[in-house]
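> Have a look at the structure that comes next, please.
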Amino acid sequence: MADQLLPDHVPETLKRFFWDVQFETLSPKEKPYFVINRLLDKGNLEAARWVIRTFPKDMIIHTFKTMRDFSPWTGTFWQRYLQIPKEEVACLRPSYRAMRSAHWPY
């Protein structure tokens, strides 16, 4: 699936997960990694299903390999579900986890 086949907008039912951006101008075609990250990290089952149906699997995997802004719990779940080697998931790398716990020890 090429980028040009991605939708121009996120369904209205998922608007609540984008509280900090202007939802009306948010385009999965322009910001696919941001949309994948937000919906798989902060979304619900409906959001996860939409991401899986909408984005190519390799794009979802690439998101986990490059974006550290996933919780460790979310990263671990999707790492196992998508069968990504743990050391390749950005939010699960020991160096990032050490830095994260030093800045936010909760």
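> Give me the pairs, please: first residue somewhere in region 63-82 and small (Gly, Ala, Ser), second residue anywhere and at pLDDT 95 or above, beta-carbon distance under 6 Å, and either six or more positions apart or on two chains.
GLY75/VAL89
> Which residues, taken from region 32-55, are farther than 15 Å from TYR81 by Cβ and either surrounded by 15 or more Cβ atoms within 10 Å (Cβ to Cβ) or within 9 Å of the chain's Cα centre (by Cα) (or both)?
Residues satisfying the conditions are PRO32, TYR33, PHE34, VAL35, ASN37, ARG38, LYS42, TRP50, THR54.
> How many residues does region 1-16 hold that are surrounded by fewer than 17 Cβ atoms within 10 Å (Cβ to Cβ) and more than 12 Å from MET59 (Cβ to Cβ)?
Counting residues in region 1-16 that are surrounded by fewer than 17 Cβ atoms within 10 Å (Cβ to Cβ) and more than 12 Å from MET59 (Cβ to Cβ) gives 9.
> Which of (1) part of a helix (DSSP H, G or I); (2) modelled with pLDDT of 95 or more; (3) closer than 24 Å to LEU6 by Cβ is the odd one out, the single condition ILE84 does not satisfy?
So the condition that ILE84 fails would be (1).
> Take the conditions surrounded by 12 or more Cβ atoms within 10 Å (Cβ to Cβ), farther than 27 Å from THR13 by Cβ and not small (Gly, Ala, Ser) and apply them to ARG68. Does it pass?
Yes; evaluated as a whole, the condition is true for this residue.
> Would you pick out the residues in region 87-96 that are within 18 Å of THR63 (Cβ to Cβ) and either at pLDDT below 95 or exposed (fewer than 12 other Cβ atoms within 10 Å of the Cβ) (or both)?
The answer is GLU87, ALA90, CYS91, LEU92, ARG93, TYR96.
> Can you list the helices (runs of 4 or more DSSP H) found entirely within region 1-81 that contain at least 2 residues being of a type in the set (A, V, I, L, M)?
32-42, 45-54, 57-66
The values are calculated or read from the model by the stated rules, or taken from the named source; none is laboratory data. Everything quoted here is computed from the prediction, not taken from an experiment. Counting neighbours? That spans all protein chains shown, and the Cβs are built from the backbone with ideal geometry, glycine included.
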